[in-house]
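Okay, so here's the structure we're looking at.
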Amino acid sequence: MKKRAVIIGGGLGGLATALRLTVNGWQVTVCEQGDTFGGKMNYWSQAGFQFDTGPSLITMPWVFQELFETASSRLQDHVELIQMHPLAQYVYDDGVRFTYTSSLPEWLPTVRMIEPRDVEGFFKFLRLGARLYDVSRQTFLKRRPLDRPRATDLGVLRHLPLRYGWGNYHKTVAAHFQSPYLQQLYDRYPTYVGSSPYAAPATLAIIPYLEFAFGGWYARGGLYRIVQGLLELATTMGVDLIPRAQVVRIEHENRKVKGVHLADGNRLPGDVVVMNGDASEGPKLLGESNAQGMPSTHRSMSGLVFLLGLRRELPGLSHHSLYFSADYRREFAQLFDERCFPDDPTVYVNTPSRSDRSLVLGEGETLFIMANAPANDGDLWDEEQIGTARCRVFERLRRSGFPDIESDIVVSDVWTPRRIAGTYSMPGGAIYGAHSHGWRNAFLRPSNKSTRYDGLYRVGGSSHPGGGTPTVLLSAQITCELIQRFERG
Ligand SMILES: Cc1cc2nc3c(=O)[nH]c(=O)nc-3n(C[C@H](O)[C@H](O)[C@H](O)COP(=O)(O)OP(=O)(O)OC[C@H]3O[C@@H](n4cnc5c(N)ncnc54)[C@H](O)[C@@H]3O)c2cc1C
């Protein structure tokens, strides 16, 4: 008899865990509350326009390749990955534009924003990121088996570079770059994990290093193609994928999990249960009387996303463009301290149709316009709140010289923090679970194996090692290794 695993949630982490466990001989059922699989890696299409509604850029493509190889397949047989060049176009409040590429000589046209000392600082910053990555991939990105940290779990901290490794992210950026333009550019990276540069640890210098050294990638046809590839594999391998199956309770006896109960009344038995939904929701499903969920002050940021299909092309746009606010520090103070949508938000415009004409029928453009937003429970995001935020987003774009597109919009949709929260059962719509402010939050996320309940595991962006698509796949790898180690008998 095969052992049975039930996975709560068919997000990227749930699907990757399902594939890995099936390869190891488990009988796997994935219960997804939504109509489709992939979780936040989701899509929307209308009138011939196709959109990713979640991730728009991936890094560490080898992590995706490894997953497909584990299932005896090849990523390139399912998805064509394209390396982004340039990585992004940055537009500052004073009108300065910077085309950021991973080839330094290409920075020359904008050299007036770079001091000679910044070049030296750039190499040092990159070296710091490389060292941090080297330490992390042997340790932090590989394991963290227990709920409570042990000395060995903290071994990674011992190996951090003494200078800066323990410091504050923004201060580390400021120590390496004199140019305020480059400071703002590199200060952006903690937002990749929903955090503020002014509160995150310098260890996040790994992120700009990984992007610069190994590229930012896109999947032709949209990043949802990756999910489709995983679903093809899962179906072929016999994973039981159940949509519209909301888990309302994890059954356990004397703290040994026995299976799950669904909202429709069905019960699914399981030798192990893997929580891919937000880790902070686990205690409620276990029926713990003191389950409180995550306080809003611990949460990573959410986002406000406008998806727009345009009837005309915008040839001047890059695939990825950033329109920076005038005062970055104030923006993050509003997001994390005042917990309100910023007066002057930094706006990310992703125009994948610039590199991939398969996303539109004939002429036109697909725009994914995103601004960071706080993950509050109380925000209604009704028409009035959306309208106010939309005006601020478009005012920032207008001030940055973005073309007027209002009369060209053919289709549109909006994802608010409230919609993100409701669709994926994530408190406040916090995209990455808890924020990574301070070393404790960054290093000690909920572990992949519960020490309180036998047979209960966690996977995904809200647990160890954290959010962002490649990290979620590493999380699945760690979780499966733990299941293999602890659930043999
Ligand atoms: C707007 C946006 C932009 C992003 N941009 C990027 C990017 O550019 N690059 C990048 O790498 N990452 C990006 N991310 C983050 C990335 O999408 C996530 O880190 C990753 O997809 C999370 O995967 P996961 O498996 O951990 O969780 P999820 O995708 O949240 O999957 C969890 C699943 O569990 C289901 N679920 C929850 N509770 C239950 C229950 N009780 N019963 C049944 N099912 C349940 C949910 O419906 C969901 O499908 C972005 C996310 C968003 C929203």
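Of all the residues in segment 236-280, those that are of a type in the set (Ser, Thr, Tyr) and in contact with a Leu (Cβ under 7 Å, 6 or more places away or on another chain) number 0. Within segment 45-94, the set of residues being part of a strand (DSSP E or B) and surrounded by fewer than 18 Cβ atoms within 10 Å (Cβ to Cβ) comprises SER45, GLN46, ILE82, GLN83.
In segment 266-310, the residue that is surrounded by the fewest Cβ atoms within 10 Å (Cβ to Cβ) out of those that are more than 13 Å from the ligand (Cβ to nearest atom), hydrophobic (A, V, I, L, M, F, W, C) and part of a loop (DSSP other than H, G, I, E, B) is ALA291. All of (1) within 16 Å of the ligand (Cβ to nearest atom); (2) outside any helix (DSSP H, G or I); (3) over 28 Å from LEU367 (Cβ atoms) hold for ASP35 with one exception: (3).
Of the residues GLN76, GLN27, GLN65, which is modelled with pLDDT of 95 or more, out of contact with any Lys or Arg (no Cβ under 9 Å at 6 or more places or on another chain) and more than 12 Å from the ligand (Cβ to nearest atom)? Only one candidate passes the filter, namely GLN76. Scan segment 5-17 and give yes if some residue there is surrounded by fewer than 15 Cβ atoms within 10 Å (Cβ to Cβ) and over 22 Å from LEU322 (Cα atoms), otherwise no. Scanning segment 5-17, I find no residue that is surrounded by fewer than 15 Cβ atoms within 10 Å (Cβ to Cβ) and over 22 Å from LEU322 (Cα atoms), so the answer is no. Confirm whether LYS256 is away from the ligand (no atom under 16 Å from the Cβ), basic (Lys, Arg) and either under 30 Å from ALA5 (Cα atoms) or surrounded by fewer than 17 Cβ atoms within 10 Å (Cβ to Cβ) (or both). Criteria met by LYS256.
The values are calculated or read from the model by the stated rules, or taken from the named source; none is laboratory data. This is a predicted model, so every value here is computed, not measured. With ideal geometry, Cβ positions are generated from the backbone for all residues, glycine too; neighbour counts draw on all protein chains shown.
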